[in-house]
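Only one structure is covered here, and it is reproduced in the block below.
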Amino acid sequence: MTGRVLAINTGSTSTKIAYFVDGAKLFEQNLAHSVEALSKFDSVMDQDLMRKDAITEFLYERRIPLSDIDIVMARGGLITPIKTGIYEVTPVMRAALVEAKEGVHACNLSALIADDLAGEVNAARRSEGISGVCKAYIPDPPMADEVIPEAKVYGLPEFSRRPLFHALNSRAMCRRYARSTGRKYQDLTIIVAHMGGGTSVTLHKGGNVIDTNDALGGDGPISAERAGSLPGFPLVEMCFSGKYTKEEIKKRLVGKGGAVAWFGTNDFREIAAKADADPEGREALFLNGYCLGIAKYIASLTVDVCGKVDAIILTGGIAYSEKITAAITARVDFLAPVVVYPGENELESLAENGYSILSGESEIKTYDPNMSL
């Protein structure tokens, strides 16, 4: 692999970046943004210039000229559900991210910042007489829609399941497993449970994600910050209780749900330590319910393929907990072999896709909000 790739992943309170040279990671940095800095902005979508400046300042401190960068890879944002693949960042995509019809989230900033940086790279190259054009791309968008139609059906026709999952990491872990077994991703059927601030469980078959939950829309298992699926009647009562605004209800479902609602923290290490100290306490009960919920969702996806699953992968930051992965494994390993790949691995996935572009191996797609799935 040859070339220099800058990878960008924007989160709610930080911007993660990594720089790769000829396939090797030169550095990875988590650029934290203080509460004070973020409070100056009315919306997360107004933070793009501040975050971009933080990146360019860091690159300057590391003495990496902008003109050295060959390609900028960004985490995909919330745009109209599309087919999976690699998409160039275009004005149409930028407009969709800014409009945020599918939701406002920090991930929407990644492509905007990447595209702005690519423009600065090209300006620097022109001034230095360096040939070549730097472009920005998003691979494996989180709202890629390949879900089988019957998996979208709810009991009310007004509702349809929206697929929104940890696409970058789940697909990267499938490719990693395929390489380890000497097989092709497209030839395998794999269930991936990504456990982090949110939880998404995805069923991969033939290189497509044919079933999953909406990990940012109140659907699926409990997570560190999300309530997951809830019983309808009590939720309706809460909505009409007069105690909460519409936005406060949404925040209770996503952001202040899950472990945050139970304990006021999203730190599973803290919760696990208290569970160890008191096996009969609320923390232990919550963790048992958390593991059972993920195991149930994994098991439910096996019926899509009549139980014919090659592997189950547990990944995400919470997969570093051997106790949690062991508890889930004990419940699902009768279905298929379980492999644990802890961590998010999203920056590495961005770089992997970047090098596939530089080598000419990948087909580049153009985002069209009206495209037919």
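How about segment 17-33: which of its residues are part of a loop (DSSP other than H, G, I, E, B) and either among the β-branched types (Val, Ile, Thr) or more than 15 Å from Glu57 (Cβ to Cβ) (or both)? The answer is Asp22, Gly23.
Here is a yes/no grid of residues against (1) in a strand (DSSP E or B); (2) closer than 25 Å to Gly198 by Cβ; (3) among the hydroxyl-bearing types (Ser, Thr, Tyr); (4) open to solvent by less than 70 Å² (accessible area, probe 1.4 Å):
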residue	(1), (2), (3), (4)
Val339	yes, yes, no, yes
Pro342	yes, yes, no, yes
Gly360	no, no, no, yes
Lys365	yes, no, no, yes
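Please tell me if Arg226 is surrounded by fewer than 24 Cβ atoms within 10 Å (Cβ to Cβ) and more than 13 Å from the chain's Cα centre (by Cα).
On the way: surrounded by fewer than 24 Cβ atoms within 10 Å (Cβ to Cβ): no; more than 13 Å from the chain's Cα centre (by Cα): yes.
Answer is no for this residue.
Filter segment 58-93 for residues that are among the acidic types (Asp, Glu) and closer than 20 Å to Lys16 by Cα and give the result. Selection gives Glu61, Asp68, Asp70. Of all residues in segment 1-16, those satisfying the criterion of being closer than 23 Å to Asn353 by Cβ and in a loop (DSSP other than H, G, I, E, B) are Met1, Thr2, Gly3, Gly11. If you check Glu237, Glu225, Glu283 for being of a type in the set (D, E, K, R) and over 19 Å from Gly197 (Cβ atoms), only one passes: Glu237.
I'd like to verify a number: residues in segment 261-275 that are free of Cβ contacts under 8 Å to residues at least 24 places away in the same chain and assigned to a helix (DSSP H, G or I), how many? So the count comes out to 6. Here Glu361 fulfils each of the conditions (1) within 21 Å of the chain's Cα centre (by Cα); (2) under 22 Å from Pro139 (Cα atoms) apart from (1). Apart from one condition, Ser67 fits all of (1) open to solvent by less than 10 Å² (accessible area, probe 1.4 Å); (2) closer than 30 Å to Gly206 by Cβ; the exception is (2). Applying the set (1) touching a residue at least 40 places away in the same chain (Cβ under 8 Å); (2) touching a helix residue (DSSP H, G or I) at 6+ places or on another chain (Cβ under 7 Å) to Val332 leaves exactly one unmet item: (1). The C-beta contact set for segment 120-144 (first residue without any contact (Cβ under 8 Å) to a residue 24 or more places away in the chain, second residue in a loop (DSSP other than H, G, I, E, B) and open to solvent by 60 Å² or more (accessible area, probe 1.4 Å), distance under 7 angstrom, 6+ apart or interchain) comprises Asn122/Val133.
Considering only residues that are farther than 17 Å from Gly196 by Cβ and assigned to a helix (DSSP H, G or I), look in segment 242-260 and name the one that is most open to solvent (accessible area, probe 1.4 Å).
Within segment 242-260, the subset farther than 17 Å from Gly196 by Cβ is 242-252.
Next, only the ones that are assigned to a helix (DSSP H, G or I) stay: 246-252.
Working: Lys246: 148, Glu247: 117, Glu248: 88, Ile249: 17, Lys250: 107, Lys251: 101, Arg252: 88 Å².
Here the residue is Lys246.
Yes or no, residue by residue, for (1) touching a Gly at 6+ places or on another chain (Cβ under 6 Å); (2) among the aromatic types (Phe, Trp, Tyr); (3) more than 21 Å from Ala351 (Cα to Cα):
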position	(1), (2), (3)
Ile71	yes, no, no
Ala74	no, no, no
Lys83	no, no, no
Tyr87	no, yes, no
Thr90	no, no, no
Ala96	no, no, yes
Glu102	no, no, yes
Ser110	no, no, no
Leu117	no, no, no
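Output the number of residues of segment 22-57 satisfying the condition of being of a type in the set (S, T, N, Q) and either more than 20 Å from Val104 (Cα to Cα) or open to solvent by less than 30 Å² (accessible area, probe 1.4 Å) (or both). Talk me through it step by step, then tell me what you get.
Taking segment 22-57 as the starting set, the residues that turn out to be of a type in the set (S, T, N, Q) are 29-30, 34, 39, 43, 47, 56.
Adding the requirement that they be either more than 20 Å from Val104 (Cα to Cα) or open to solvent by less than 30 Å² (accessible area, probe 1.4 Å) (or both) leaves 29-30, 47, 56.
Of the residues in segment 22-57, 4 are of a type in the set (S, T, N, Q) and either more than 20 Å from Val104 (Cα to Cα) or open to solvent by less than 30 Å² (accessible area, probe 1.4 Å) (or both).
Check Ile312 against each of (1) closer than 16 Å to Val209 by Cα; (2) assigned to a helix (DSSP H, G or I); (3) touching a helix residue (DSSP H, G or I) at 6+ places or on another chain (Cβ under 8 Å); (4) open to solvent by less than 10 Å² (accessible area, probe 1.4 Å) and name the one condition it does not meet. Of the numbered conditions (1) closer than 16 Å to Val209 by Cα; (2) assigned to a helix (DSSP H, G or I); (3) touching a helix residue (DSSP H, G or I) at 6+ places or on another chain (Cβ under 8 Å); (4) open to solvent by less than 10 Å² (accessible area, probe 1.4 Å), the odd one out for Ile312 is (2).
Among the residues of segment 289-305, the ones that are open to solvent by less than 40 Å² (accessible area, probe 1.4 Å), closer than 13 Å to Ala330 by Cβ and either aliphatic (A, V, I, L, M) or not in a helix (DSSP H, G or I) (or both) come to 4 in all. Just to be sure I understand, how many residues within segment 317-326 are in a helix (DSSP H, G or I) and either in contact (Cβ under 8 Å) with a residue 40 or more places away in the chain or open to solvent by less than 30 Å² (accessible area, probe 1.4 Å) (or both)? Residues meeting the conditions: 6.
In the set Ser200, Ser180, which member is surrounded by fewer than 24 Cβ atoms within 10 Å (Cβ to Cβ) and hydroxyl-bearing (Ser, Thr, Tyr)? Steps first, please.
Details: Ser200 fails: surrounded by fewer than 24 Cβ atoms within 10 Å (Cβ to Cβ).
Answer to the selection: Ser180.
In segment 276-287, is there at least one residue being basic (Lys, Arg), touching a Phe, Trp or Tyr at 6+ places or on another chain (Cβ under 9 Å) and surrounded by fewer than 18 Cβ atoms within 10 Å (Cβ to Cβ)? Among the residues of segment 276-287, at least one is basic (Lys, Arg), touching a Phe, Trp or Tyr at 6+ places or on another chain (Cβ under 9 Å) and surrounded by fewer than 18 Cβ atoms within 10 Å (Cβ to Cβ), which makes the answer yes. Just so you know, in segment 25-65 the residues that are hydroxyl-bearing (Ser, Thr, Tyr) and free of Cβ contacts under 8 Å to residues at least 24 places away in the same chain include one that is farthest from Arg4 (Cα to Cα), and it is Ser39.
The values are calculated or read from the model by the stated rules, or taken from the named source; none is laboratory data. Worth saying up front: this structure is predicted, and the values here are computed from it rather than measured. A quick note on method: Cβ atoms are made from the backbone with ideal geometry, for glycine too, and the neighbour counts reach across all protein chains shown. These area figures cover heavy atoms from the full protein model, side chains too; ligands, DNA and RNA do not enter into them. Shrake-Rupley method; radii C 1.70, N 1.55, O 1.52, S 1.80 Å.
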